[in-house]
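Single-structure report; data block below.
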Amino acid sequence: MTDALIDLLRSADAVRFGEFELSHGGTSSYYVDKYLFETDPDCLAAIAQAFAERVGETKLAGVALGAVPLAATTSVVSGNPYVIVRKKSKEYGTGNRIEGRLADGEEVVVLEDIATTGQSAVDAVEALRAAGATVERVLVVVDREEGGRENLADVGVELESLVTASDLLADAASK
């Protein structure tokens, strides 16, 4: 699956090499453009299928904005309902941070696009737990292997990725 997904990411032009500034302020010699792979139907379908094979019967949670398409398509493939985790509570309407139905004690798997430091996933886990959910796993499309796994482990959460930075770099070196 890893090689096939890397091929799809590359065909969607979602993996680029050069000098890039990352959201956490660091720089990188490669960039994975989540919006290109999340708006490509072939990539999105492959990711949803791979996630669906790993989620079991648990509720899904997509971190806004990037992981919402992942949660929605995985929900359709798996039949599991999902919730959306906002970065902060909205200041209008219901004022929710968690959108959708979530029962107290319900087991939830967080879906995320790319993990670098893992901070957005940690924030989502904390918000879900504050709302009463049980969260022990985060599934991510790409783990950049820059501390996300360790930061999630610090809050008792396992990170599972479909592709790692090592996979992407090995693939690029072989081309």
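The values are calculated or read from the model by the stated rules, or taken from the named source; none is laboratory data. Just so it is clear, the structure is predicted and the values come from calculations on it, not from any experiment. As a convention, Cβ positions derive from the backbone with ideal geometry for all residues, glycine included, and neighbour counts pool all protein chains shown.
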Write out, first by first residue and then by second, each pair whose Cβ atoms fall under 6 Å of each other, whose residues are 6+ apart or on separate chains, and whose first residue, in region 126-142, is at negative phi while the second is part of a loop (DSSP other than H, G, I, E, B) and of a type in the set (Asp, Glu).
-> Ala133/Glu106
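Return the residue satisfying two criteria in turn: it lies in region 1-53 and is of a type in the set (Ser, Thr, Tyr) and in a strand (DSSP E or B), and of such residues it is surrounded by the fewest Cβ atoms within 10 Å (Cβ to Cβ). Write out each step before concluding.
Keep residues of region 1-53 that are of a type in the set (Ser, Thr, Tyr), which gives 2, 11, 23, 27-31, 35, 39.
Next, from what is left, pick out any that are in a strand (DSSP E or B): 27-31.
Working: Thr27: 8, Ser28: 16, Ser29: 11, Tyr30: 15, Tyr31: 17.
Selected residue: Thr27.
Scan Leu139, Leu111, Leu169 and give me the residue that is aliphatic (A, V, I, L, M), closer than 22 Å to His24 by Cα and modelled with pLDDT under 95.
Leu169
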Output yes when any residue across region 40-54 is free of Cβ contacts under 8 Å to residues at least 60 places away in the same chain, at negative phi and in contact with a Pro (Cβ under 8 Å, 6 or more places away or on another chain), and no when none is.
-> yes
